[in-house]
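**Student:** Mind having a look at this structure? Questions to follow.
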Amino acid sequence: MNCNKADLLIMKYMDGLISDEEIIKLKEHISVCDKCKEDFMVYNKILDEFSDNSNIINAPSDFEEQVMAKIDFVYSGNTERSINILCFIWGLFSVFAGLGTILIINKEKIIEFISNVPNLSGYLELISKAEIYAEEFKNSFISVVETTFNTCTHYIDSLKYVSLIIFVILIAAQYLIYKKGKVEV
Ligand SMILES: [Zn+2]
């Protein structure tokens, strides 16, 4: 019997389909062929591992470590993802901030442009209201600052920046609402 035939018999043995006659033939070959003997031992070991119920029922000793390692792996992936999201948000914010500065400079022209776009003109009222609130907030804050610290031009400059940021956020919100509306239509 050659090694190929012996291999087939080993497979049959693994599947439990081997006949008594074939077992004798296989044993004869194994006793003279080291290669097939080694293969048979390896397969037999695998068969033993599978048929040993205790190995299946009881988790391996390093099971917990393996699970923890997997959790760590998944967690680090998520952390990376959330950092990416933060970077994206920051990038978006930077774009809007830069855009906002341009918008502030060309505010009148842009408001004129928006009023010509039917979907956006409704939000113009919102902008002017927000501007009034921002102005009121600014004025009341200024008066507080003035009464507390008399005059402090540095704070007033900061507040101008605050109203600028509010305007930028409003433009961003408008844009998102507009886009959302467009998608739904
Ligand atoms: Zn052989």
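**Student:** Hey, can you tell me all the residues within the range 1-35 that are part of a loop (DSSP other than H, G, I, E, B) and either more than 10 Å from the ligand (Cβ to nearest atom) or closer than 19 Å to residue 46 by Cβ (or both)?
**Tutor:** Result: 16, 17, 18, 19.
**Student:** Residues in the range 122-131: is at least one farther than 20 Å from residue 166 by Cβ, modelled with pLDDT under 70 and assigned by TED's automatic domain parsing to the domain that holds residue 178?
**Tutor:** No: zero hits.
**Student:** On to the next question. Which is aliphatic (A, V, I, L, M) and either surrounded by 15 or more Cβ atoms within 10 Å (Cβ to Cβ) or touching a helix residue (DSSP H, G or I) at 6+ places or on another chain (Cβ under 7 Å) (or both), of 41, 1?
**Tutor:** One residue alone meets the criteria, 1.
The values are calculated or read from the model by the stated rules, or taken from the named source; none is laboratory data. Treat the numbers as computed from the prediction; the structure is a model and nothing was measured. For neighbour counting, all protein chains shown are included, and Cβ atoms are generated from backbone atoms with ideal geometry for every residue, glycine included.
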